[in-house]
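First comes the structure, then the notes that go with it.
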Amino acid sequence: MAPSPEPAADAEQLMMGAVPGAAALGRGPVPDGDYSRHEYHHPAAGWGAARSVGKVLLRSPEPVEGVKALLVMNHEDGGFDCPGCAWPDDPTGLRLDICENGIKHVTWEMAPPRADRQFFAAHPVAELMNWTDYDLEAVGRLAEPMTYDPDTDRYVPISWEDAYAMVGTTLRGLGSPNEAAFYTSGRLSNEATFLYQLWVREFGTNNLPDCSNMCHEASGRALQAAIGSGKGTTDLEDWEQADAIWLMADNAGSNAPRMLTWLAEADRRGATLVHINPLIEAASRRTIVPHELVDMATFRTTRTGTRNVQVNIGGDLALLRGVAKAVFEAADGDPTVLDREFIDSHTSGFEDYRAAVDATSWADIVRDSGITEVDIRALAGSYIASQRVIIAWCLGLTQHEHGVDTVREIANVLLLRGNIGRPGTGPSPVRGHSNVQGNRTCGVNHRPPKAFLDRLAQACGIDPPREHGLGTVDAIEAMRRGELKVFVAMGGNFVLAAPDLPRTFEALRNCDLTVQVSTKLNRSHLVHGRRALILPCLGRSERDIQAAGEQGVTVEDSMAMVHISFGMKDPVSPHLRSECAILGGMAQATLPDSRTPWQDYVDDYDRIRDIMSRALEGFEDFNARARRPHGFRLDQPARERVFLTPSGRAEFWTGPLPDDVDPGEGRLTLTTVRSHDQFNTTIYSNDDRYRGVKGLRTIIFMNADDMRARGLAEFDLIDVTSFSRDGSQRTVYGYRAVEHPIPPGNAAGYMPELNVLCGLADTSTQSEQPVTKHLVVEVTKQATA
Ligand SMILES: Nc1nc2c(c(=O)[nH]1)N[C@H]1C(S)=C(S)[C@@H](COP(=O)(O)OP(=O)(O)OC[C@H]3O[C@@H](n4cnc5c(=O)[nH]c(N)nc54)[C@H](O)[C@@H]3O)O[C@H]1N2
Ligand SMILES: Nc1nc2c(c(=O)[nH]1)N[C@H]1C(S)=C(S)[C@@H](COP(=O)(O)OP(=O)(O)OC[C@H]3O[C@@H](n4cnc5c(=O)[nH]c(N)nc54)[C@H](O)[C@@H]3O)O[C@H]1N2
Ligand SMILES: [Mo]
């Protein structure tokens with residue numbers, strides 16, 4: 001694909017929004033100036049999605065391959081797992097499990113290998129820095145291993161063996177293994193994940209920052225403390241049996257579209273669907289279930305929402321506390337409102353929690369949540385009227401200072417009525433990347449539990465380090481200080497996904513060596529260390545042939561189902577290697593005296609699964625179980641009301657409401673979200689169909705009153721300044737104000753562009769997560785030049 005119009009010389013600065021008086025350039029295609037708003041009245045998914053898919057397939061260089069791939073994606077035999085989101089496959093196989101955004105994602109991966117030696121010879125890094133992120137990925141797939149040549153400012157070819165040697169020699173030359181960090185984005189298969197952490201721990205560090213540190217870390221920590229396991233407890237059968245589903249802080253229509261099917265079915269059987277979100281998102285309205293061809297043909301829509309609760313950004317804990325307060329008040333009149341039997345036999349801390357709820361005033365609850373007492377009582381009434389309740393959530397709850405507390409309050413509310421460990425009930429975090437949950441299960445954790453390390457040590461005959469390693473934000477700080485010298489990334493686009501882009505850029509540039517194992521060219525290849533490697537790997541859709549023949553890999557979905565999948569397309573380039581092979585190569589070069597049979601593992605992934613059976617709890621007989629038609633479900637003791645907390649009971653949490661909901665006079669709370677047409681840092685277009693935006697990503701969604709108060713009309717140019725905890729300020733210049741039905745005092749815009757505004761100090765003390773859903777900003781009209 002040809003790059004968009006000639007990039008401006010200072011395009012990099014414009015992408016950062018760093019040029020006062022100029023319009024910012026987003027990270028999608030260079031905008032053609034033709035941007036607009038429309039009201040989106042149509043149902044989610046359905047024909048709008050079908051049309052959009054048609055466009056993507058047409059743009060795709062291999063439309064026919066694309067369609068073929070889709071027909072086998074997520075199928076139980078022979079199919080590969082969708083590399084998009086982590087929503088589970090339909091275990092009954094009755095539903096055609098594809099969605100618009102999964103399709104975009106797979107076709108994106110099937111691009112021709114045009115990021116090859118000729119491409120890099122033609123374009124120095126300084127030039128590529130001025131290409132938008134869209135244009136970088138649009139070049140095509142990475143074709144062969146490359147290394148940075150400072151003399152020409154270009155990437156030049158390197159052999160795989162020399163690349164491994166560079167990694168091995170550099171790592172062995174470090175003063176301490178803790179001078180290196182090893183990042184993971186959540187797509188790495190379980191097998192590759194296991195090899196990765198084994199290499200890193202045998203080498204001697206727990207520096208394993210991952211995308212979870214920016215994603216659901218808060219959920220894991222909260223659930224671990226509340227119910228003794230860091231995962232949700234529901235499966236799809238529960239979703240089929242719930243009579244109420246609360247979806248908090250999730251834009252499912254765009255980010256987990258296959259969930260719409262389950263919401264629509266829930267509505268058809270009369271379940272209550274509550275959407276708790278400052279924005280009224282597409283999933284809260286109606287959908288045409290895409291696999292139901294009759295519905296598609298007749299435009300029959302199904303409701304996917306019964307009630308919208310437009311909470312303030314960061315006001316969810318207060319809202320949940322209000323629900324609990326109304327439940328306690330109702331229980332005064334009717335003790336059966338509480339599940340006393342469950343509370344008495346399975347929980348701890350109930351009386352303290354009741355006291356904390358009593359001590360929280362309605363005035364505080366209403367002020368923080370932004371929801372009236374009447375509405376909160378109505379929500380509590382519907383909670384009490386429902387016998388089987390699931391509360392699901394995503395990033396709008398986790399990327400806050402109080403993310404852990406908020407998830408604990410979800411557990412509190414569920415525990416009051418025994419909504420856990422019964423069919424149709426439970427907490428249900430909606431994970432992001434297709435294998436982010438599996439990465440953690442298989443050992444990507446900078447704070448590994450002792451039991452995990454003990455078992456790993458025994459099974460693999462290594463002596464893993466015991467002290468905690470660095471998470472994402474701490475790793476950035478350590479690179480800046482020069483304490484981390486080597487940065488290895490298995491996938492992802494670290495420099496854009498992380499907060500405070502200019503500081504993160506500085507951090508990576510301060511490294512001796514950066515290594516990116518990737519499928520497509522992205523910003524993280526251009527913002528590199530003094531020496532740098534780009535190692536191109538197979539994508540999930542591609543056939544992986546090793547010495548023992550064709551290999552499959554497993555992933556774990558949001559609901560802890562593990563299954564094997566096989567790529568089905570020939571690799572786009574003969575020079576690509578699998579992630580397992582690349583890891584084996586780097587490990588052997590780093591650890592020449594290792595007793596780990598690296599090559600055996602690479603030759604036959606069954607051998608990796610065999611050692612995983614011994615090293616990981618719950619993976620017994622892994623090879624056989626992974627090959628069952630829909631794989632197997634990892635044990636979740638909390639489902640059976642076995643709570644592996646120190647007390648052996650589910651723990652109520654007792655804490656105050658957050659103190660940071662009010663941004664202060666004249667300021668707004670800004671949340672950063674994804675558009676419909678992006679996958680994290682991969683941007684497909686400048687449109688956001690369901691929110692009614694075409695042609696522009698450099699926008700801030702604002703309430704009409706907040707716009708009026710600042711003298712702003714639709715699409716006026718604005719500057720946005722954020723106020724960090726450490727007193728520092730950051731500004732993006734040249735965004736545009738867009739009116740949206742968001743509660744006053746709240747605003748929203750897109751990641752990764754707005755990561756510029758999140759200071760490194762703005763990191764949750766509870767979860768280490770950057771608080772990218774909770775920035776305090778001032779919005780001012782841009783002075784005309
Ligand atoms: N197509 C597509 N699919 C994806 C992704 C993608 O980028 N594109 N990304 C994947 C990944 S890694 C992840 S983690 C998930 C992300 O899935 P989401 O969590 O849906 O992602 P965001 O776009 O960040 O949306 C956050 C939602 O929370 C709401 N929100 C923001 N702040 C608050 C708040 O304070 N309270 C409440 N109640 N709501 C709030 C926003 O309005 C928005 O609806 O999706 C995964 N799936
Ligand atoms: N402001 C703000 N920032 C955020 C968020 C937010 O909501 N707001 N969300 C955070 C969240 S939830 C997440 S998960 C992170 C995402 O952070 P990352 O996971 O680091 O970023 P991605 O954009 O998903 O990574 C895309 C790149 O992965 C590579 N890739 C794709 N497929 C494969 C593969 O199969 N193998 C390998 N090795 N590489 C592959 C491609 O080169 C592609 O360019 O961003 C975080 N950052
Ligand atoms: Mo994520």
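Numbers below:
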{"read-out": "Matching residues in region 620-643 - criterion: being at negative phi, in contact with a helix residue (DSSP H, G or I) (Cβ under 7 Å, 6 or more places away or on another chain) and surrounded by fewer than 19 Cβ atoms within 10 Å (Cβ to Cβ)", "value": "Glu620, Asn623"}
{"read-out": "So Leu379, is it in contact with a strand residue (DSSP E or B) (Cβ under 8 Å, 6 or more places away or on another chain), under 21 Å from Pro429 (Cα atoms) and away from ligand 2 (no atom under 16 Å from the Cβ)", "value": "yes"}
{"read-out": "Lys520, sole failed condition from (1) within 16 Å of ligand 1 (Cβ to nearest atom); (2) open to solvent by less than 10 Å² (accessible area, probe 1.4 Å)", "value": "(2)"}
{"read-out": "The one condition in (1) more than 18 Å from Arg639 (Cβ to Cβ); (2) away from ligand 3 (no atom under 16 Å from the Cβ) that Leu414 fails to fulfil", "value": "(1)"}
{"read-out": "Residues (modelled with pLDDT of 95 or more, open to solvent by less than 40 Å² (accessible area, probe 1.4 Å) and small (Gly, Ala, Ser)) located in region 543-562", "value": "Gly549, Gly552"}
{"read-out": "Candidates Val732, Val776, Val738 - the one that is closer than 26 Å to Val473 by Cα and either away from ligand 2 (no atom under 16 Å from the Cβ) or open to solvent by 20 Å² or more (accessible area, probe 1.4 Å) (or both)", "value": "Val776"}
{"read-out": "Which listed residue, of Asp716, Asp726, Asp687, Asp706, is open to solvent by 10 Å² or more (accessible area, probe 1.4 Å), away from ligand 3 (no atom under 16 Å from the Cβ) and within 30 Å of Ala86 (Cβ to Cβ)", "value": "Asp687"}
{"read-out": "Only one of Gln197, Gln241 that is closer than 23 Å to Ile343 by Cα, at pLDDT 95 or above and away from ligand 3 (no atom under 16 Å from the Cβ)", "value": "Gln241"}
{"read-out": "Wholly enclosed helices (runs of 4 or more DSSP H) of region 464-539 bearing at least 3 residues more than 21 Å from the chain's Cα centre (by Cα) and more than 16 Å from ligand 3 (Cβ to nearest atom)", "value": "472-480, 501-509"}
{"read-out": "Wholly within region 129-243, helices (runs of 4 or more DSSP H) carrying at least 3 residues that are among the charged types (D, E, K, R)", "value": "133-138, 160-172, 190-203, 236-241"}
{"read-out": "Single residue of His446, His400 found to be buried (at least 24 other Cβ atoms within 10 Å of the Cβ), closer than 22 Å to Gln766 by Cβ and at pLDDT 95 or above", "value": "His400"}
{"read-out": "Residue in region 578-601 that is charged (D, E, K, R), in a strand (DSSP E or B) and open to solvent by 30 Å² or more (accessible area, probe 1.4 Å) present", "value": "no"}
{"read-out": "When residues of region 382-419 are limited to those that are under 17 Å from Gly322 (Cα atoms) and within 16 Å of ligand 2 (Cβ to nearest atom), the one nearest to the chain's Cα centre (by Cα)", "value": "Leu397"}
{"read-out": "Verdict on Ala218 being buried (at least 24 other Cβ atoms within 10 Å of the Cβ) and away from ligand 2 (no atom under 15 Å from the Cβ)", "value": "no"}
{"read-out": "Only listed residue being among the aliphatic types (A, V, I, L, M), touching a residue at least 24 places away in the same chain (Cβ under 8 Å) and open to solvent by less than 20 Å² (accessible area, probe 1.4 Å), chosen from Met166, Met146", "value": "Met146"}
{"read-out": "Matching residues in region 411-434 - criterion: being under 20 Å from Leu273 (Cα atoms), open to solvent by less than 20 Å² (accessible area, probe 1.4 Å) and within 11 Å of ligand 1 (Cβ to nearest atom)", "value": "Pro429, Val430"}
{"read-out": "Residue match in region 283-291 (condition: open to solvent by 10 Å² or more (accessible area, probe 1.4 Å) and at pLDDT 95 or above)", "value": "no"}
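The values are calculated or read from the model by the stated rules, or taken from the named source; none is laboratory data. Just so we're clear, the structure is a prediction, and the values are computed from it rather than from any experiment. Methodologically, a virtual Cβ is constructed for each residue, glycine included, from the backbone with ideal geometry; neighbour enumeration extends over all protein chains shown. With ligands, DNA and RNA removed, areas are computed over all heavy atoms of the protein, side chains included. Shrake-Rupley method; radii C 1.70, N 1.55, O 1.52, S 1.80 Å.
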